[in-house]
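Enquirer: Quick one: this structure, given as structure tokens, is what I'll be asking you about.
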Amino acid sequence: MTNFLEMRAMHCQKRQENSHENNSFTWHQSTNDKETVMRLKQKLIGLVIAGVLLSGVIAGIFSIYQMLDNSNQEIDSYRESIVQQRKTMLKNLLDNAYTFIESSYKDSHDPKKLAQLYQRELKIAVDVAIHSIRDIYDNTQLSDDEKQKMAMDRIRCMRYLGNNYLFITDTNSVMLMHPIKPSLEGRDLSKLKDSTGKFFVKEFAEQAKTKGEAIVDYLWPKPGSDEPQPKTTYSVLFKPWNWVVVTGVYMEAAEVDIQKKAQSTVNNLRYGPEGKDYFYIFSATTKKMIQHPKPALIGTDIGSDTYKDPEGTYLLLDQLKIAMDKGHGYTWYKWPKIGEDKPVSKLTYVRHFKHWDWVLCTGVYMDDLEKIIDTQINTIRYRVMKEIIQLTIVLFIVAVIIFVIVSLLINRWVINPVNDAVVELEQSSETVADASTLVYKNNVMLSETTQKHATYLSETTTQLNDIVEMISNSSKDAGNARNMMVKTTEIVTRVHEQMENLSTAMNEITESSDQIGKIIKTIDEIAFQTNLLALNAAVEAARAGEAGAGFAVVADEVRNLALRSAEAASNTTTLIENTMKAVEHGTELAKNTREIYDENMVLINDVSEIIKKIAQTSDDQAARVNDLNQSLADINTDIQESSHKAKETTQSTEDMTDQANQMKSVVCELQVLIGKD
């Protein structure tokens, strides 16, 4: 056992030394590892910078995407606005041309307008005729009849603007000369009216007579035709002869002439930056080109290959379809500019003029649109890049501000509290390390003391083992004698118990006899009382006479019964008295025997007591030695437990030291992390 305790103590001391060596190694290793740990502040600031940069990059990407998307939308909107502007421009230009043609159409059907339009031509023609008449009239060599005949012949042959002619009436509406219908000459035409019932000859004759000139419109057949046609006339009075010189123009002819003038006017219209944008007109009735800046195209069929674009589409047929279906609309196609052969994109607006069944068209070349769009794209891209640079600068400034603010907040809310915690942890770790060292020293002293106690206990245990062996032998001899006395005592005790039982039985018999005597005495008294009662009953029955005769018999029987009971009780009393005497004699004998056994029992008890005391003394010595041995065993157990506790304490001290060292290592790491030297 001593060797075991010594080995345990040496093992604990060795473990403590090894633990301190390991703790010292761990401390130095953690100190070396501190140099490789990144500072906490740098980490936090790095995370913040990374977060800010990531947020900035995301915000920048989103902003750039929005800018690019907005720029694309702006470009599309710009392109659409240009197209819309040009569509509006084309529509306005063509509407102006349409308005001019519509005005020309209205003029061709308005007599006053026609007169105004043809007034110059009509007036020139009439003035020429009047001058001719006047020249003839001033000729003094001819008679008036010859003069009038010469004047009429000259006017009969006059033509202007094609087949337009002049005729002469007098102020009374008599036809004097008509180059187309000579049959009318000499006739009074005051009653002549057109298909509408208008007395047109009378009207312009009277107006010329009163005003000197007149403008009158009516219906009259064209030369070579019997179908009346609208016509406007201009007449002038030649007062010397009361002649009314008249000329007119058919509206149909005027309308064709006006159409030609309108076509010529539209053909001369140009617009656009280069003056190459124009108008053209084709007929929906004849499907022929009737007006175009290129004379070679006039009269060509709109369904010919001349008007087929590179994609195989017949352009004018498509334009005709749009004009006929919708009345107006836009179309895209490719067509060369004037003086060029290469087709370029062109936007054309078409509109149907129903009165003459014309399709008016004009278009604008869109080859400059891409150049304009490219210029706008470059402008927008420059603006977007400028905005991106500005956004980058703003994000950088914001990141710097956030960096400064976060650094200040980290110092205030993280680093300073951690510094305080590190100081407290450092103090606590030092305190734990000092306590661990003190406990370690105490455990070493306890281990040495335990080893000494184990040696002393081993020697004491050897001496006690010899004493225990001697006491054990004496105890065995005393035990044998005590066992013999115990057996003798048991025998005497059993005899004494039997005598006690016998004495008890005799006492019980005596007590029972006494009780029986009392019972018999009671019975005797009852018999005496019953006899008295019977006598009293007999006396009362005698007094009752015959009525008490039956009761007297019963009373006599009760008295006889009482007498027999008294006699039996007397006999029983005699027997009991004899029995009591025998019992008293036996009791006396039992008493004497018991006294003898009692004296013998006293001697046996004395001897047994002496042996018992000897055995008790031996037992006490043995017990004390055993107690001492047990105490030594308990001491040994306590020493073992103390050694075990010392081991556990040493282990706890080692763990505490490890924890203290780890705490110091953590403190050092925290100091490195927060930037504290």
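The values are calculated or read from the model by the stated rules, or taken from the named source; none is laboratory data. Values in this document were obtained by computation on a predicted structure and should not be read as measured data. Don't worry about glycine lacking a Cβ; one is built from the backbone with ideal geometry, like all the others, and counts go over all protein chains shown.
Enquirer: Scanning for something modelled with pLDDT of 85 or more and not acidic (Asp, Glu), does the stretch 338-345 turn up at least one residue? Spell out the reasoning first.
Expert: Pass one, the stretch 338-345, residues modelled with pLDDT of 85 or more: none.
Looking for residues that are modelled with pLDDT of 85 or more and not acidic (Asp, Glu), one finds none in the stretch 338-345, hence no.
Enquirer: Hey, another quick one. Look through Leu269, Leu219 and report the one residue that is touching a residue at least 24 places away in the same chain (Cβ under 8 Å) and over 20 Å from Asp107 (Cα atoms). Show your work before the answer.
Expert: Details: Leu219 fails: over 20 Å from Asp107 (Cα atoms).
Unique residue meeting the criteria: Leu269.
Enquirer: Here's another thing I want to ask about it. Starting from the stretch 50-69, take each residue that is of a type in the set (A, V, I, L, M, F, W, C) and list its partners that are surrounded by 16 or more Cβ atoms within 10 Å (Cβ to Cβ) and not in a helix (DSSP H, G or I), counting only C-beta distances under 7 angstrom and pairs at least six apart or across chains.
Expert: Listed by first residue and then by second, the contacts come to nothing, as the list is empty.
Enquirer: Related question: Scan the stretch 273-313 for residues that are among the hydroxyl-bearing types (Ser, Thr, Tyr), buried (at least 17 other Cβ atoms within 10 Å of the Cβ) and either outside the structural domain of Tyr349 (by the TED database) or in a strand (DSSP E or B) (or both) and report the count.
Expert: 1
Enquirer: OK, next. Out of Gln263, Gln259, Gln229, which single residue is over 29 Å from Glu206 (Cβ atoms) and either touching a helix residue (DSSP H, G or I) at 6+ places or on another chain (Cβ under 8 Å) or outside any helix (DSSP H, G or I) (or both)?
Expert: On the way: Gln263 fails: either touching a helix residue (DSSP H, G or I) at 6+ places or on another chain (Cβ under 8 Å) or outside any helix (DSSP H, G or I) (or both); Gln229 fails: over 29 Å from Glu206 (Cβ atoms).
Sole residue among the options that is over 29 Å from Glu206 (Cβ atoms) and either touching a helix residue (DSSP H, G or I) at 6+ places or on another chain (Cβ under 8 Å) or outside any helix (DSSP H, G or I) (or both): Gln259.
Enquirer: Restricted to the stretch 282-313, and to residues that are more than 18 Å from His352 (Cβ to Cβ) and touching a helix residue (DSSP H, G or I) at 6+ places or on another chain (Cβ under 8 Å), which residue is modelled with the highest pLDDT?
Expert: So the first thing to find is which residues in the stretch 282-313 are more than 18 Å from His352 (Cβ to Cβ), and the list is 293-301, 304-306, 308-313.
Okay, now just the ones that are also touching a helix residue (DSSP H, G or I) at 6+ places or on another chain (Cβ under 8 Å), so 293, 297, 300, 306, 308-309.
Working: Pro293: 86, Leu297: 89, Thr300: 92, Thr306: 84, Lys308: 84, Asp309: 79.
The selected residue is Thr300.
Enquirer: Output the number of residues of the stretch 143-176 satisfying the condition of being hydroxyl-bearing (Ser, Thr, Tyr) and at pLDDT 90 or above.
Expert: Applying the first criterion (hydroxyl-bearing (Ser, Thr, Tyr)) to the stretch 143-176 yields 143, 160, 165, 169, 171, 173.
From what's left, at pLDDT 90 or above: 169, 171, 173.
So the answer is 3.
Enquirer: Which one of these is at pLDDT 70 or above and not acidic (Asp, Glu): Asn443, Asn473?
Expert: Numbers: Asn443 fails: at pLDDT 70 or above.
Being at pLDDT 70 or above and not acidic (Asp, Glu) holds for just one of Asn443, Asn473, which is Asn473.
Enquirer: Follow-up question, since we're still on this one. Quick one: how many residues across the stretch 142-200 are under 19 Å from Lys123 (Cβ atoms), assigned to a loop (DSSP other than H, G, I, E, B) and hydroxyl-bearing (Ser, Thr, Tyr)?
Expert: Total meeting the criteria: 1.
Enquirer: Ok, one more. Just to be sure before I move on: is Ala505 surrounded by 14 or more Cβ atoms within 10 Å (Cβ to Cβ) and either touching a Pro at 6+ places or on another chain (Cβ under 7 Å) or closer than 30 Å to Ala562 by Cα (or both) in the structure I sent?
Expert: Working: surrounded by 14 or more Cβ atoms within 10 Å (Cβ to Cβ): yes; either touching a Pro at 6+ places or on another chain (Cβ under 7 Å) or closer than 30 Å to Ala562 by Cα (or both): no.
Answer is no for this residue.
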